[in-house]
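First up is the structure itself, then whatever we jot down about it.
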Amino acid sequence: MKYLKFIVVLLVLTVITACKDNASHKVSEEESVYKCPMQCEGNKTYAKLEACPVCKMDLVMVENQRTKSVADDVISDESIFNLTTTWHTEEGSTVQLKDLKGKTLVMVMIYTTCKAACPRLVADMRNIEAKIPKDKLNDLQFVLVSIDPKNDTPARLKAFAKENFMDGEQWTFLQGTESGVREFANVLAVKYKQISPLDFSHSNIISVFNSGGELVHQQEGLGVDNKETVDSILKLVQ
Amino acid sequence: MKAVLRLTICILLFWVHPADCQSKMVKIKGGTYIPLYGRDSLKVTIVDFQMDVYPVTNKEFLEFVKANPKWQRSKVKKLFADKNYLKDWKSDTELGDQQSLKAPITNISWFAAKDYCECQGKRLATIDEWEYVAMSNETIPDARTLKSYNEFILGWYEKPKTFNNEIGSTFKNYWNVYDLHGLVWEWTLDFNSVLVSGESRKDVDNDTNLFCGSAAVGATDLMNYAAFMRYAIRGSLKAKYAMKNLGFRCVRDINE
């Protein structure tokens with residue numbers, strides 16, 4: 001009977017190594033337009049890939065300018081909702097990023113034992129929130145993602161939320177897995193490195209996403225003027 | 001009778017399975033060393049793990065995209081790969097004319113590399129693991145102070161188009177791993193932990209507004225120019241970039 005075991009092992013191996021494939025959504029080819037990289041003629045666009053008539057440099061393709069409002073059931077190619085990792089919120093529930101769909105998202109990566117930059121980064125988030133009219137807050141979700149999933153448990157995040165007066169409906173804290181966090185950081189182009197058990201270096205970036213999960217704006221640095229960020233949010237929730 | 005059957009299945013398992021989708025791996029014995037960019041205590045400890053002997057080849061990646069259509073060029077999400085993704089391929093499932101089946105796969109994004117490894121129950125190497133294995137030459141585990149070791153790598157930096165060469169065409173190092181230097185750069189799991197902003201004026205004063213704690217991550221050995229180049233490249237990458245001279249290989253934890 002022993003050889004049966006081998007067959008079972010073989011089968012299990014096959015199952016493990018086979019990768020699940022998410023049904024990918026086909027997006028129709030959009031027409032591309034081209035622009036001079038030096039903007040010789042301002043924002044003028046051309047239909048063909050050729051040289052700029054003024055400076056003779058090769059034109060470059062203009063990133064598709066998508067409409068701000070996104071249809072309900074379609075997730076675009078550039079949407080962060082394509083990430084399928086699961087997260088725990090500070091309330092103890094399990095979510096995927098696409099559960100946050102439909103609201104404008106303001107996201108930042110922090111860790112709760114941080115002494116240097118994170119309190120300021122968190123303050124930056126609160127300052128942005130304070131500048132949004134109260135009646136618009138319903139369309140917004142402020143999301144703080146922990147880069148230290150080992151220590152930042154849902155309970156710890158909840159306590160942090162209370163300490164920092166960020167326990168309202170509009171605030172969400174997320175604990176992921178180590179690989180999920182690394183992947184998410186890469187989508188945001190956030191860099192981080194653990195330098196000791198309770199300390200990380202990390203880039204200070206606040207990112208704004210539209211309701212379809214597409215990156216609209218990034219604010220880099222600490223205590224910088226948040227006018228542009230606030231403007232980009234207001235534009236999205238209007 | 002039973003024994004014969006068992007033997008057959010064993011042979012099948014050991015023949016078909018590794019040859020089909022699992023590339024050869026070797027065990028790397030852990031240890032402690034000082035990388036160019038370390039943590040607070042400078043020294044980094046690596047635990048035992050297994051590493052692919054060769055970088056992933058065009059052939060292997062071709063099979064992967066056939067089995068996983070979401071990673072084919074026309075289907076890949078823009079979030080996960082830029083427009084250079086597999087750009088020299090003739091179609092979704094055909095290599096370009098110039099590309100050898102046995103050459104390392106390049107023009108792939110970090111997301112694709114990561115998924116490839118996870119599909120096989122493996123993962124990408126961390127920077128510390130990769131550098132640990134890569135600091136050896138043919139005979140000793142840490143050859144970083146040897147002139148010949150550094151000259152070989154710097155000599156490679158000057159050679160054009162080494163990504164067209166076949167795997168195994170460079171030297172076999174102390175750990176029996178090939179091609180860490182001399183063929184292509186390789187993705188690492190935590191490449192985005194290199195906090196070099198890429199602009200010299202910013203790096204010099206450890207811009208604390210951009211990076212919390214950046215003063216703690218200084219280079220330990222600025223003489224190691226070859227390694228410095230690797231860190232600089234990693235610091236400049238974004239996960240969806242697909243570069244012509246950037247490939248990958250996988251590693252696996254040893255669970256005992």
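Computed from the coordinates by the stated procedures, all read-outs in this text should not be read as laboratory data. Note that the coordinates shown come from a computational prediction; the quantities given were computed from them, not determined experimentally. For neighbour counting, all protein chains shown are included, and Cβ atoms are generated from backbone atoms with ideal geometry for every residue, glycine included.
Summarise the long-distance tail of P(r) for segment B:98-175 by giving the % of C-alpha pairs beyond 15 Å. Across segment B:98-175, Cα pairs with separations above 15 Å total 69 percent. Treating each Cα of segment B:23-253 as an identical point scatterer and ignoring solvent, apply the Debye formula and state log10 I(q)/I(0) at q = 0.09, 0.13, 0.14, 0.16 Å⁻¹. One equal scatterer on each Cα of segment B:23-253 leads to -0.37, -0.79, -0.91, -1.18. Here A:Lys150 is the anchor, and the lysines within straight C-alpha reach of less than 24 Å, apart from those fewer than 8 places off in the same chain, are A:Lys98, A:Lys115, A:Lys158, A:Lys162, A:Lys191, A:Lys193, B:Lys43, B:Lys114, B:Lys122.
The mean number of Cβ atoms from other chains found within 10 Å of a Cβ in peptide B:238-244 is 2, as a whole number.
If you plug the beta carbon distance of A:Thr86 and A:Met57 into 1/(1 + (r/R0)^6) with R0 = 41 Å, you get a FRET efficiency near 0.35. Electrostatic bookkeeping for A:Cys52 treats Lys and Arg as +1 and Asp and Glu as -1; over the other residues with beta carbon under 13 Å from its beta carbon, the sum is +1. What share of the DSSP beta bridges in segment B:23-253 is antiparallel, in percent to the nearest 5? So the antiparallel bridges amount to about 90 percent of the total.
The residues A:Ile206, B:Ile153, when put in order of fewest to most other Cβ atoms within 10 Å, stand as B:Ile153, A:Ile206.
Counting beta carbons within 10 Å around each of A:His217, A:His202 and listing the fewest first gives the order A:His217, A:His202.
Could you compute how fast segment A:80-237 diffuses translationally, taking Rh as the Kirkwood radius over C-alpha pairs and applying Stokes-Einstein at 10 °C with viscosity 1.306 mPa s? Give it in µm² per second.
Answer from the Stokes-Einstein relation: 103 µm²/s.
Neighbour counting of Cβ atoms within 10 Å sorts the residues B:Glu186, B:Glu94, fewest neighbours leading, into B:Glu94, B:Glu186.
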